[in-house]
There are 2 protein chains.
Amino acid sequence: MARVAVDAMGGDDAPKAIVAGAAQASLDTGAHIVLVGERAAIEAELALVKHDASRIEILEADGVIPMDAKPREALDAMPDASLPRAARCVAEGGADALVSAGNTGAVILSCARHFERIAGVRRTALAAVVPTEQLRGNKNDPFSLLLDVGANIRVEAGDLVSFALMGAAYSRVISKNQNPSVGLLNNGSEATKGPEEIIEAHARLKALACINFIGNVEGVDISRGTADVVITDGFTGNVVLKMLEGVSETVMRIARHAYEDRLSWKLALGLLKGGIQQLKSVTDWQQYGGAPVLGFQHICIKAHGRSGPRAIRNAIRVAENCVKNELMAKIQRDVESVQ
Amino acid sequence: MARVAVDAMGGDDAPKAIVAGAAQASLDTGAHIVLVGERAAIEAELALVKHDASRIEILEADGVIPMDAKPREALDAMPDASLPRAARCVAEGGADALVSAGNTGAVILSCARHFERIAGVRRTALAAVVPTEQLRGNKNDPFSLLLDVGANIRVEAGDLVSFALMGAAYSRVISKNQNPSVGLLNNGSEATKGPEEIIEAHARLKALACINFIGNVEGVDISRGTADVVITDGFTGNVVLKMLEGVSETVMRIARHAYEDRLSWKLALGLLKGGIQQLKSVTDWQQYGGAPVLGFQHICIKAHGRSGPRAIRNAIRVAENCVKNELMAKIQRDVESVQ
């Protein structure tokens, strides 16, 4: 049984949303859950929701890393806060995977401090799911995977190759996509275009038999969904991800404005409900649960700060799937095979 | 009178669309137009459209740089093609500004080969207009300016400072925006975040009195329109610009699909017509004419390859405005003032 340590105190609506999501997961996933945080607060929330008590345990922690704190300083000052305590729990064998909706930088730094990197992986990556038009994998997932989205500002060619191997392995395990296509984000399609590290990564990826490398992809390919896995450095990935947030925010605002403003538009939006529902389900990150931190010997799922119970439950399920399907061992094998 | 050299043969629908746009500009702008290309072809197109013959002259050129050619090789092989011939015409004083809808790389390289750079500008930039929600400037333009979008893959801090000065000057002249806000695209809002060159550029921009620097902006700010001018390196700018193309392409396709599919959606889209028109006018690049190449002693407006007559006419008008308002001298003064 996969054991998932959950940072019960991290997130905009913690511990309420986190505990409720964990309670749900205790009922409808196969995971055993270690809720890490202030016992009294967790117990109070647990008392309010249906859960399987045999699948949940509580690990006491002291305080919480604030959402907007500087990661290094906060973790130095609060070594026993819920997040570092949960990471230590995994590192010491008390659980197999980590889930947190807390401070992103602090989540990655906690992993870096307590988990070993996979041999051959020089830099770990934060991956994000990006909504696309095209469905993919046996599960018809309407998103592709983008990494790195912020763990590394600048990277070398070898890092991009590791990201490709890790992203493809994750897609195989989580999206049940047997042969995920991998694209390298660049400012042109030609193999000789772009910054040096991308040209070199292109050449190295092209030579790998274990990856379905489709070459460079461009900005326009991101929402088209040309590739199942899109590889980039953390600076560019961060800009891309936040741009997507901005675009959907704008569309929503225009729609809301229209809805308030005009009777004819109200009618129209009523008629369009099916279509809007469809669009919403494509852009609804809640159902995907979170962003995996890849490259350590343990999986960590970083759930969005705004996560509600459903997003937390899904993050726990994804973490469970990673453990059950031995994602880390698979990444290890792939990385070894190309060295 | 501003004299504009127009590459009559470059563009997906050249020379027809280019000549028709120039003909329109001869009637409703103050520009004198030098159409550069194959005389017979240009005359045949001119005969089909209303124009002011006293404002148009033809400069013979030999051949055209193909849209997908490698810039350096093509320009070496065809030194008298319409594009390099038009650039030489400007460099030699036969016109004040250049407009081309041809091969982007070849347009920038032609400028680099024939125009002098403004003293103190180490790297020139290609700027693009990006549709935003917010209106700005005395002309209520629904777009901000993004640069660089592809002339330079990697940049230094000083280049980002030049881009800021040039973009702000362009916004003052073209959008009649007296005090344009300038943002630096980064992966976080803090001054100490991001790659080294961005941290340094942030510090230098903050110290400049002649710029309304609002600090870092993030991906989410691009469609919000937080800044009038957004500064970035050419690699990131290219990804951002092509992502925006991809997003609007996706929205259009979904709308078209919906329209074909369902009677209720057809009705709904009919009712929404006003709103869609509004959205379309925001994303319609045709009305903005093109992307300025900034940093040379002469202005060059790179029109989109798919430009129709209206986009070409608008590009000519923008070029005329740059000349009339002495944009290049203003940039020169700003760059000198910060050194």
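The values are calculated or read from the model by the stated rules, or taken from the named source; none is laboratory data. Computed from a predicted structure; not experimentally measured. When we count neighbours, we look across all protein chains shown, and the Cβ atoms used for this are built from the backbone with ideal geometry, even at glycine. For accessibility, only protein heavy atoms count, side chains too; no ligands or nucleic acids. Shrake-Rupley method; radii C 1.70, N 1.55, O 1.52, S 1.80 Å.
See the values below:
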quantity: Residues satisfying the stated conditions in segment A:155-193, i.e. small (G, A, S) and touching a helix residue (DSSP H, G or I) at 6+ places or on another chain (Cβ under 7 Å); calculated: A:A157, A:S162, A:A164, A:A169, A:G183, A:A191
quantity: The one condition in (1) assigned to a helix (DSSP H, G or I); (2) out of contact with any Pro (no Cβ under 6 Å at 6 or more places or on another chain); (3) among the small types (G, A, S) that A:G105 fails to fulfil; calculated: (2)
quantity: Condition met for A:I65 (part of a strand (DSSP E or B) and touching a helix residue (DSSP H, G or I) at 6+ places or on another chain (Cβ under 8 Å)); calculated: no
quantity: In segment B:1-45, residue surrounded by the fewest Cβ atoms within 10 Å (Cβ to Cβ) [restricted to those that are among the acidic types (D, E) and in a helix (DSSP H, G or I)]; calculated: B:D28
quantity: Some residue of segment A:183-204 being under 21 Å from the mean Cα position of the chain (by Cα) and of a type in the set (A, V, I, L, M, F, W, C); calculated: yes
quantity: Flag for B:L48 being outside any helix (DSSP H, G or I) and assigned by TED's automatic domain parsing to the domain that holds B:A20; calculated: yes
quantity: Residue, farthest from A:N103 (Cα to Cα), within segment A:302-339, restricted to residues that are of a type in the set (A, V, I, L, M, F, W, C) and in contact with a Ser or Thr (Cβ under 8 Å, 6 or more places away or on another chain); calculated: A:V335
quantity: Qualifying position, being in contact (Cβ under 8 Å) with a residue 60 or more places away in the chain and either open to solvent by 10 Å² or more (accessible area, probe 1.4 Å) or within 24 Å of A:G237 (Cβ to Cβ) (or both), among A:G63, A:G120; calculated: A:G120
quantity: Residue, farthest from the other protein chains (Cβ to nearest Cβ), within segment B:176-186, restricted to residues that are open to solvent by 10 Å² or more (accessible area, probe 1.4 Å) and at negative phi; calculated: B:Q178
quantity: Count of residues meeting criterion [farther than 14 Å from A:F163 by Cβ and within 11 Å of chain B (Cβ to nearest Cβ)] in segment A:190-215; calculated: 7
